[in-house]
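What follows is calculated from the coordinates using simple rules that are stated; it is not laboratory data. Remember, predicted model here, so these are calculated numbers, not experimental data.
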Amino acid sequence: MFQCGCDWPWAGLDSKCNFYTAYAEHKCPWCVSMRTGMLSTGIAIIAGVCAAMAELRLLTGQQAITKIMLRTLFGIIAFLLMATLTSGIAALRQDYPLGIGGYIIAVKALNLSNGG
């Protein structure tokens, strides 16, 4: 997300993050601020769990496997959306120009140059 070297927990998590590189010009927003990283991932996990647990009233007559698949899909989508949103906020607040932050900063600059 930040092009910093962080990965999924089973793939090393922050072991290759640019936060640990002394000469890195820009450091990962989640690793620089542990509070921001924990809050962002925590919100994403909670959103995913809540979406997966939500009542599927529209599917009352469907088979159980369909409900399980849809709940899993909704949970994954909610997790990814919330992780993207919170990482974008973290990157924007810390002026991080790599990964998602680069896109957000470019859009922000474009809006400012258009008078918005």
Quiz prompt | Per-residue [θ]222 nm for the chain (sum of -39500 (n - 2.57) over DSSP H runs n ≥ 4, rounded to 500) | solution = -19500 deg cm²/dmol
Practice problem: Select from 15, 40, 87 the residue whose mean-square fluctuation is largest in a Gaussian network model of the chain (Cα-Cα springs shorter than 10 Å). | Solution: 15
Quiz item: Once you treat every alpha carbon in the chain as an equal point and sum by Debye, what is log10 I(q)/I(0) at q = 0.13 Å⁻¹?
Solution: -0.62
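Let me check against my output: what whole-number percent is the relative contact order of the chain, with C-alpha pairs under 8 Å and at least 6 apart?
Numbers: 116 pairs, mean separation 31.5, N = 116.
27 percent.
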Exercise. Could you check which residue among 86, 21, 41 shows the biggest mean-square fluctuation in a GNM of the chain with a 10 Å Cα cutoff?
Key: 21
Exercise. Would you list which lysines come within 23 Å of residue 27, measuring only between C-alpha atoms, while excluding same-chain residues fewer than 8 positions from it?
Key: 16, 108
